[in-house]
1. Rounded to two decimals, what is Rg over Rh for segment 1-63 when you use alpha-carbon atoms and the Kirkwood radius?
2. Please report, for the Cα atoms of the chain, the Rg to one decimal and the Dmax as a whole number; what are they, in angstrom?
3. Run the simple label-point estimate for Leu76 and Phe158 please: 7 Å along Cα→C-beta, distance reported in nm.
4. What are the ³J(HN,Hα) values, in whole Hz, obtained from phi via the Karplus relation 6.51 cos²θ - 1.76 cosθ + 1.60 with θ = phi - 60°, for each residue of segment 142-156 in sequence order, with x given for Gly and Pro?
5. Between Asp68 and Trp202, what FRET efficiency comes out of the Förster formula 1/(1 + (r/R0)^6) with R0 = 41 Å and r the beta carbon distance, rounded to 0.05?
6. Taking R0 as 45 Å, what's the FRET efficiency between Arg11 and Ala112 from their Cβ-Cβ distance, rounded to 0.05?
7. Give me P(r) over segment 127-209, computed from all C-alpha to C-alpha distances, binned every 10 Å, as integer percentages.
8. Sorted by packing (mean other beta-carbon atoms within 10 Å per residue), highest first, where do 35-43, 100-108, 86-94 land?
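The values are calculated or read from the model by the stated rules, or taken from the named source; none is laboratory data. Everything numeric here is computed off the predicted structure, so don't read it as measured data. Glycine gets a Cβ as well: all are built from the backbone with ideal geometry, and neighbour counts include every protein chain shown. Surface accessibility is based on the protein's heavy atoms, side chains included, excluding ligands, DNA and RNA. Shrake-Rupley method; radii C 1.70, N 1.55, O 1.52, S 1.80 Å.
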Amino acid sequence: MEFQDVVRRRRMIRNYAETPVDRSVVDRAIRNATHAPSAGFSQGWGFLVLETPEDVRRWWAATTDPADLAAPDAWLTGMMRAPVVIVPCSSKAAYLRRYAEPDKGWTDEDEARWPMPFWHMDAAMASLLILQTAVDEGLGSCFFGIPPEREQGVRREFGIPDTFDPVGVITIGHRAQDAGTAGSPARRPRRPLDDVLHRGTWGGAEGAD
Ligand SMILES: Cc1cc2nc3c(=O)[nH]c(=O)nc-3n(C[C@H](O)[C@H](O)[C@H](O)COP(=O)(O)O)c2cc1C
């Protein structure tokens, strides 16, 4: 698929068919993710992949209220059918360590050097490559958040170490018809280029927001 088509076609899919996804597709998605840029080539990411029905069930059990599991809404029903769940994780420790190495030299590992959490940014860039790989494979995918009150349970259930933080979660699967779960783009327009593009200077007061 042409790159521009991958970009144009990508959107978050929240309703899947039960058809399995080939393991080679998952492998390709993760391999592509490792080609994401990372600060200092730290590559402080890790990807928990759940691709058996039992593991995927464990995911939803760990992140969902039992009452919601018993009577899932359209979002949950569509998402739970996705045969693959990937949890991209980022490691702040890996960046502090990497930048203390001789070619970087920030031996104090001072966190004040990191006004932007590059570890999360890099995991997000890797995540986009996973989403784009799904599009290129003719599949659907969705990046979404983990409810904060569920994070500890997720860590326990899947053995995610303290040195890694899950930045979100990605479902991948064969697309099914939208079931009223199209998401925000159905309710608000894409911002026009003039709104987001600031050539040379950000502009006056009218451009302040
Ligand atoms: C950081 C992040 C968190 C998101 N969290 C959720 C979520 O919790 N649930 C959900 O259904 N979609 C979630 N989305 C998907 C967005 O709603 C979606 O990307 C946005 O509406 C634009 O639509 P599109 O990606 O289909 O173009 C999230 C996306 C991002 C990038």
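1. Values: Rg = 14.9 Å, Rh = 14.6 Å.
For segment 1-63, the value is 1.02.
2. Cα radius of gyration and Dmax of the chain are 19.1, 56 Å respectively.
3. 1.9
4. 8, 9, 8, x, 9, x, x, 6, 9, 4, 4, x, 5, 4, 5
5. Numbers: r = 43 Å, r/R0 = 1.06.
The value I calculate is 0.40.
6. The value I calculate is 0.70.
7. All Cα pairs, binned at 10 Å, distribute as 12, 26, 30, 23, 8, 0 percent.
8. On the way: 35-43: 15.8, 100-108: 10.9, 86-94: 21.3.
Result, highest mean first: 86-94, 35-43, 100-108.
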